[in-house]
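One structure below.
The values are calculated or read from the model by the stated rules, or taken from the named source; none is laboratory data. These figures come from a predicted structure and were not determined experimentally. All Cβ positions, even for glycine, are placed from backbone atoms using ideal geometry, and neighbour counts span all protein chains on display. SASA here: full protein model, heavy atoms, side chains in, ligands and nucleic acids out. Shrake-Rupley method; radii C 1.70, N 1.55, O 1.52, S 1.80 Å.
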Amino acid sequence: MDWSILLLITFLAATVQAVIGFGFGLICVSVFLIMLDSVAAIQLVMIITLAMSTLHWTRLKKHTPRHTLKWIMAGCLLGFPFGILIYQFTNLEAIKLAVALIIIAISLHNGWQLFKSVSISLDLEDSECSVKPHYQQQPLPLFGVGIISGLMASSIAMPGPSVMLYLATTSLTKNQIRATIIIFFIFSYSGALLLQTFFIGVDLTTWITAAMLIPVALIGVVTGDHLANRINQQLFKALVLVVLLLTAVFMLVNL
């Protein structure tokens, strides 16, 4: 295990998540699976992300739309046990394949959204205001998104993508979306980690590795907060998409 690469990827992924709201799991699950060659990599991402999200909790919780979060969390609870079954009875190669395909799909979707946002950049503020608010008020879609996120949380440590993709279609503000996803991370990763601990077990080595990587992740969060207001967001997202796609392709090649 190359610690220099682990530390660097942890720092970069934490910085990405601090800037755009999510992404740590997408980057680290794939890289950690390759480097550690063990599903323990998923547990490692759960522990680190939980620590990172807790750092932001007290500052962002006041912006959270409680109705939205309530239904997503309810669905997440239902999705947790299904994710554990997938984790427990699916081999490492299948998990790698699933993660790679998920990354590619989400990256292509986000790339298309980025392309559209560039083409209508002059109308961004108007388009945000024109999104119908009732999207975020419908319990059934929120519940469905929560189920998918809970399943992905306890199986591959990725509860964020489905929630983020849905929230992007609502009239929620940037701070409300960030607050929702951060608090949801605390909820989903706490539940997933508890289930992993009681039904699968978490090795002492995993806890020790997480303890060594968490300080670097927290530094990445602080760095990302400072970068968020100082860089071109669209360019940064484009670079992140390129990195994610390359990582997914690399995973497929190494199956």
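A few notes on this one:
- Complete set of residues in the range 42-61 that are closer than 20 Å to Ser30 by Cα and open to solvent by 10 Å² or more (accessible area, probe 1.4 Å): Ile47, Leu50, Ala51
- When residues in the range 64-113 are screened for being surrounded by 15 or more Cβ atoms within 10 Å (Cβ to Cβ) and either outside any helix (DSSP H, G or I) or touching a Cys at 6+ places or on another chain (Cβ under 8 Å) (or both), 3 of them pass.
- Residue check for Val145: at pLDDT 90 or above, over 20 Å from Ile42 (Cα atoms) and hydrophobic (A, V, I, L, M, F, W, C): yes
- The residue list Ser53, Ser38, Ser4 contains one member that is within 29 Å of Phe199 (Cβ to Cβ) and either part of a helix (DSSP H, G or I) or modelled with pLDDT of 85 or more (or both), which is Ser53.
- Restricting Phe198, Phe185 to residues that are within 27 Å of Trp57 (Cα to Cα), modelled with pLDDT of 75 or more and open to solvent by less than 70 Å² (accessible area, probe 1.4 Å) narrows the list to Phe185.
- Failed item, numbered, when Leu213 is tested on (1) modelled with pLDDT of 90 or more; (2) hydrophobic (A, V, I, L, M, F, W, C); (3) more than 18 Å from the chain's Cα centre (by Cα); (4) open to solvent by less than 70 Å² (accessible area, probe 1.4 Å): (3)
- Some residue of the range 19-32 being without any contact (Cβ under 8 Å) to a residue 40 or more places away in the chain, assigned to a helix (DSSP H, G or I) and open to solvent by 20 Å² or more (accessible area, probe 1.4 Å): no
- So Lys61, is it charged (D, E, K, R), in a helix (DSSP H, G or I) and over 24 Å from Ala13 (Cα atoms): no
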